[in-house]
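See below for the structure under consideration.
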Amino acid sequence: MNAAHTDPRIQILDEETVNQIAAGEVVERPASVVKELVENAIDAGAETVRIEIISGGGGGIKRMRVVDDGTGMSRENVRLAFLRHATSKLRAIDDLHRIRSMGFRGEALASIAAVARVEVVTKPRGSGAVPATRLVISGGEIVEDEETGAPEGTGVAVEDLFFNIPARKKFLKSTQTELRHIYAIMEQIALAHPDISFRLLHNGRERIATQKKGTLVDAISALFGSDLARDLIPVSGRTAYMQVEGLIAAPAHTRPNTAQILTSVNRRQISSAALARAVREGYGTLLPKDRFPIAFLSLTIDTGLVDVNVHPTKREVRISREADVVREVASIIRETLRSARLIPEASPSPVPGHSPVPESGYTPSAGAWQVAAPVRAYHPVHREQSATDTQLRLTEKTADATAETLLPGMKVIGQLDAAYIMVTSSPGSHEELIFVDQHAAHERVLYEQVRAKREQGVRSQELLVPVILTLRPKEAAAVREALPLLLAEGFVLEEFGRDSFAVRTVPVVLGKQVEPEVIDDIIADIIGDELRSAADKKEGVTCIIACRGAIKAGAHMTREQMERLLSQLFRTKNPSTCPHGRPTMVSFSRERLDRMFRRT
């Protein structure tokens, strides 16, 4: 036996170790601190909350300060607030089954103070001439305790996070990454509490601002822009134990992922794959298979059916009747969309390849939403085929003309469901039937050409008209962090006002005229969680450009276009799979078909 394990006695951990373990569960990064302090302000009945973030000097987030106009604390209570498991939210164990406050465990302040330097200044509401209390805590120890002058409410400043745990501090990410997490937390809280004014400043510059006593529409307008807010459809539904309220976007507004399906349960913003799935199911066939809706939903559920005590940071909740909730949320959204009038309104004929910004509004006389879409003077299939032709011309320019173009005896016989090209081939004595996935095939072509252009040093070309991206603070922070990576791949972005960027050049394989939606999807994927965790970011970007720039499933193609795509595919080095490893084609031999029809 190892000498280090000869005395397996159980020992009681010292208080400092216990506090640091608890802090590790509750305080993951600066955003965790902001979340806990802001939620405390909400529980204190604040109507206005100000968040100040200071960074710089190459050292990430230096200081976080949250100031509120809530009830404040007395001198006695503020000292108790920093003890572990001290809380004003619970009185008995039964209270755990009807939690209505944002916090309740009494861990947050003690955990933060254990791993940072904290200053709190607080004065009870209605205390008149009674002075405020100022408390300074470092590493869990009170180092200053005095009276001071201050307005009613509470201000908490946190500096030097993880100063006494270097191993934790070194794992913090870049300033922009940490800011992105803070912005994401504040977006979620502001949407769950639109009646409270939140103002977030970074190094003195305002990044988020919502109004006091506002509505959900007001909060969405402040965070996501008025264009989106105008195009939202109200959702309202009630079941035996649940009330659903919120806003959803018309099917014309979609995203490549679930990032903008935001839900709260009992005013607590949560992450729930099940609820995101319910929203997507509610849209059904109104959306393409690879697109996701935009939705802002607030669920009020009997507190006896919701367990908020399943995660240290309260990011997740457990709903005892989750399957029923998912089914009913999907049904409410389905009925909302069914009753809404998603009818295109007349507009001037657009230039081919250009999509005007859709407009919509609520018509009081009709009592329903009308979402405008451009009216085309030509059949939609013709527009698809024109766009496909442009995509094929771009990838034809760099194809290897010396490579084989088609398999021996290959002949295109048609297209199945605007997704698969049907081909016959005669490699031997019998013909075989081949199905080619048109998206995967073109994705392979684009992928190899992007890699080839990178090796040749030819990466980008200037757009005829720059594309303007208007982003949320969270997304803008991610783009700023990704600018070097984007530049290396051929994207040139310039800041164009607060949280907006002008995209001036793109990878050469995308052409000089690119739909804004394509660029928006590429940027969204590049700054998404999946790419940031990838071992090879450059390879990830190449796959994203290929995927978003490729011909989509659902695009109708002419026989000549199908032949051109197959010709390009068989000039690639690896025509059998797409960059993600999925097959580009599957074959059915005569022998296999005979077996299927029991002819053998």
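Every number in this text was worked out from the coordinates using simple rules, so none of it is lab data. Just so we're clear, the structure is a prediction, and the values are computed from it rather than from any experiment. Positions of Cβ are backbone-derived with ideal geometry, glycine not excepted, and every protein chain shown enters the neighbour counts.
What the table shows:
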item	result
Fewest-first ranking of Cys578, Cys543, using other Cβ atoms within 10 Å as the exposure measure	Cys543, Cys578
Anisotropy class of segment 384-586 from Cα gyration tensor, a/c 1.5 cut	prolate
Nearest-0.05 FRET efficiency for Arg582 and Glu495, computed from C-beta distance (R0 30 Å)	0.20
Separation of the Ala488 and Ala273 label points, Cα + 7 Å toward Cβ, nm	3.0
Least to most buried among Lys173, Lys573 (fewest other Cβ within 10 Å first)	Lys573, Lys173
Segment 123-227: C-alpha gyration tensor shape, a/c 1.5 cut-off, then a/b vs b/c	oblate
Surrounding net charge for Leu161, when Lys and Arg each add one and Asp and Glu each subtract one, Cβ distance under 14 Å	+4
Tensor-based shape of segment 231-339 (alpha-carbon gyration tensor, a/c under 1.5 rounded, otherwise prolate or oblate)	prolate
Proxy reagent accessibility, fewest Cβ within 10 Å first, across Met410, Met596	Met596, Met410
Qualifying lysines (Cα of each under 18 Å from Cα of Lys169; at least 8 residues distant if same chain)	Lys62
C-alpha center-to-center spacing [segment 582-597, segment 438-472] in angstrom	34
Estimated vicinal HN-Hα couplings, Hz - segment 437-446 in sequence order (Karplus 6.51, -1.76, 1.60; Gly, Pro = x)	6, 5, 5, 4, 5, 5, 4, 4, 4, 5
